[in-house]
Amino acid sequence: PKLSPPLIDGVLRQGHKMLIAGPSKAGKSFALIEMCIAIAEGTKWFDWQCTKGKVMYVNLELDRASCLHRFKDVYNALGIAPNNLSNIDIWNLRGKSIPMDKLAPKLIRRAAKRNYIAVVIDPIYKVITGDENSADQMANFCNQFDKICNELGTAVIYCHHHSKGSQGNKRSMDRASGSGVFARDPDALLDLIELELNDDVYAYIRNNVACECCIDYLDKHLPGWRDEVSQDDLLSQSTMIEFCKRKFRRQFYQEIEMIIDKAKEKVTSMTAWRIEGTLREFPKFDPVNLYFDYPIHKVDHRGVLNDIDPDEIKPQWQKAKEARKSPEDRKKERMNALDMAYEALKIDGEVTVKALEEYFTLSTNAIRKRIDEHPKFERKKGIVIRKN
């Protein structure tokens with residue numbers, strides 16, 4: 001027999017079930033709204049291509065006005081034109097939620113002949129029937145999702161919260177609150193866990209944000225400017241800011257400064273998350289790292305978050321020790337480590353950025369940042385040179 005076609009490439013097939021689990025304030029509802037838009041418009045969701053089609057969003061938590069504003073804000077933040085807004089139907093049930101065994105028949109009647117390829121229920125704690133720690137009762141609860149899938153031929157996607165306590169040392173499928181049935185019933189489980197951003201990462205993000213602001217402004221006001229800068233220049237905020245100073249009169253440069261300051265302020269409110277998956281129909285994917293930059297999630301394509309472990313994995317003594325370090329102490333440690341690495345690699349001849357990447361097992365951008373902050377070193381065409 002033919003397999004059901006994918007709804008989300010590499011993650012979920014049409015007519016199957018998916019659970020998104022995560023702690024409070026992880027932006028799970030925003031992630032589901034982003035998914036609804038990706039399905040409606042046939043675009044990507046967290047770099048996974050979605051099949052275009054109609055989707056029903058069952059809103060159990062927000063009032064109607066707030067829900068509609070969220071959809072509009074997410075559309076705007078994603079920069080996607082709402083050409084297929086008619087593909088999204090919202091069923092607002094705040095204050096009217098009923099147990100899932102009673103909601104399922106109503107949902108099936110409401111959705112019949114609408115040809116939805118996905119039904120999103122957000123969140124399920126509003127409709128749970130029975131004790132969520134009872135395997136029997138939760139198995140019966142999850143059977144209602146099967147009923148919706150079978151009757152409508154649609155995928156059912158829902159979100160649930162994490163259990164209390166530390167989550168970093170648990171497997172992704174053991175973090176959802178309640179009975180293990182929650183993790184074992186769906187065909188795909190996506191789990192969000194928070195990553196703690198340190199001063200270095202925030203500084204790196206601010207640098208990138210400043211560069212992006214300069215690049216956007218130059219693209220709008222100075223055609224052909226890219227011929228005058230190198231790829232390395234595009235990654236350095238000091239270089240880009242100096243370039244803008246040379247190219248624009250004071251009043252325009254002041255406008256750029258205001259844009260950069262506003263963007264840097266927003267960085268402090270960003271959080272970082274890692275998605276891990278447990279899949280029944282597809283091979284396991286590598287963890288996906290995201291920033292939650294309200295109101296949308298952005299995939300970390302530069303690999304800045306790859307080396308960060310969830311905070312809960314670290315032992316308590318290590319957390320306390322790191323908390324006591326000042327930014328200056330951390331900077332000295334980085335500089336001393338770079339000194340030692342340079343001397344060790346110098347034995348083989350020239351020291352390259354690539355060699356330092358392999359030595360530290362860090363990303364290219366992280367190594368470049370370490371070199372740039374060290375007063376004794378500079379880099380030229382991928383070669384690291386000690387200054388006279």
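Miscellaneous remarks
- Taking the numbered list (1) in a strand (DSSP E or B); (2) farther than 23 Å from His161 by Cα; (3) in contact with a helix residue (DSSP H, G or I) (Cβ under 8 Å, 6 or more places away or on another chain) in turn, Gln49 passes all entries but (3).
- Screening region 354-388 for residues that are among the β-branched types (Val, Ile, Thr), surrounded by fewer than 16 Cβ atoms within 10 Å (Cβ to Cβ) and within 25 Å of Tyr202 (Cα to Cα) and picking the one that is modelled with the highest pLDDT gives Thr364.
- Region 35-55 residues that are on the phi > 0 side of the Ramachandran plot, paired with ones that are among the basic types (Lys, Arg) and surrounded by fewer than 22 Cβ atoms within 10 Å (Cβ to Cβ) (beta carbon under 6 Å, 6 or more apart): Gly42/Lys52
- Residue check for Phe30: in contact with a Pro (Cβ under 6 Å, 6 or more places away or on another chain) and open to solvent by 10 Å² or more (accessible area, probe 1.4 Å): yes
- Filter result for Arg70 (of a type in the set (Lys, Arg) and outside any helix (DSSP H, G or I)): no
- Test: residue in region 59-67 that is under 17 Å from Ile157 (Cα atoms) and not in a strand (DSSP E or B): yes
- Among residues of region 217-229 being assigned to a helix (DSSP H, G or I) and free of Cβ contacts under 8 Å to residues at least 12 places away in the same chain, the one that is farthest from Val384 (Cα to Cα) is Lys220.
- Evaluated against (1) buried (at least 17 other Cβ atoms within 10 Å of the Cβ); (2) modelled with pLDDT of 90 or more; (3) part of a helix (DSSP H, G or I), Asp191 falls short on exactly one condition, (3).
- Residue match in region 115-135 (condition: closer than 20 Å to Leu152 by Cα, surrounded by fewer than 14 Cβ atoms within 10 Å (Cβ to Cβ) and touching a residue at least 24 places away in the same chain (Cβ under 8 Å)): yes
- If you check Ala118, Ala155, Ala210, Ala203 for being modelled with pLDDT of 80 or more, out of contact with any His (no Cβ under 9 Å at 6 or more places or on another chain) and within 22 Å of Ile33 (Cα to Cα), only one passes: Ala118.
- When residues in region 365-388 are screened for being in contact (Cβ under 8 Å) with a residue 40 or more places away in the chain, over 16 Å from Ser238 (Cβ atoms) and within 32 Å of the chain's Cα centre (by Cα), 1 of them pass.
- Asp293 vs. criteria open to solvent by 30 Å² or more (accessible area, probe 1.4 Å) and not basic (Lys, Arg): no
- Within region 170-188, tally of residues that are at pLDDT 90 or above and farther than 18 Å from Ala155 by Cβ: 0
- Within region 33-67, the set of residues being crowded, with 20+ Cβ neighbours inside 10 Å and polar (S, T, N, Q) comprises Asn59 only.
The values are calculated or read from the model by the stated rules, or taken from the named source; none is laboratory data. Every value quoted in this text rests on a predicted model; they were computed, and no experiment measured them. Neighbour counts run over all protein chains shown; Cβ positions are idealised from the backbone, glycine included. Just the protein is used for accessible areas: all its heavy atoms, side chains included, with ligands, DNA and RNA removed. Shrake-Rupley method; radii C 1.70, N 1.55, O 1.52, S 1.80 Å.
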